[in-house]
Amino acid sequence: MSSIEQRAIHASAKSTISANINTPICLGFLVNLGTISLLVFGGSASHLVITVLVISINILAIIGIMGGIDDYSAWVKDQDAEQAQTNVGQQNAKTPFGFYRVVIVAIFGSLAISQLYMMHLG
């Protein structure tokens, strides 16, 4: 297999891994936007259902994004020596995966906590 073919396969894998991270982020934000809209503009009769949805979607978003981050981390570790020496390979090696995990938990955790507070204590 030529170097060009290997890079094409590598780029295709990165595209799939990126989708595995971006899809749960987008879905998580969309559902949170919907539940926040229901809380702001709707009545209080459906708080139990919204509570379950808020907890579920934020946990699923965190799990999905963490899986995508793990896939991306493994993909970076699997780079061959030639790919690791390229500018992209060197940039990938510097990716702060631990920081990304902390940010994702902080964002989706704070979304869940703020909505639960708004429903039950606010």
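Observations on the model:
- Options 63, 50, 59, 69: the member that is open to solvent by less than 30 Å² (accessible area, probe 1.4 Å) and within 21 Å of residue 17 (Cα to Cα): 69
- For residue 44, the stated conditions do not hold, so it cannot be described as assigned to a helix (DSSP H, G or I), over 22 Å from residue 84 (Cα atoms) and open to solvent by 40 Å² or more (accessible area, probe 1.4 Å).
- Take the conditions (1) over 30 Å from residue 12 (Cβ atoms); (2) without any contact (Cβ under 8 Å) to a residue 12 or more places away in the chain; (3) not in a loop (DSSP other than H, G, I, E, B); residue 122 misses just one of them, which is (3).
- Cβ separations smaller than 7 Å between residues 6+ apart or across chains give the following pairs from the stretch 89-105 residues that are more than 19 Å from residue 25 (Cβ to Cβ) to residues that are of a type outside the set (Gly, Ala, Ser) and in a helix (DSSP H, G or I): 89/83; 92/76; 93/76.
The values are calculated or read from the model by the stated rules, or taken from the named source; none is laboratory data. None of these values were measured; they are calculated from a predicted model. All Cβ positions, even for glycine, are placed from backbone atoms using ideal geometry, and neighbour counts span all protein chains on display. With ligands, DNA and RNA removed, areas are computed over all heavy atoms of the protein, side chains included. Shrake-Rupley method; radii C 1.70, N 1.55, O 1.52, S 1.80 Å.
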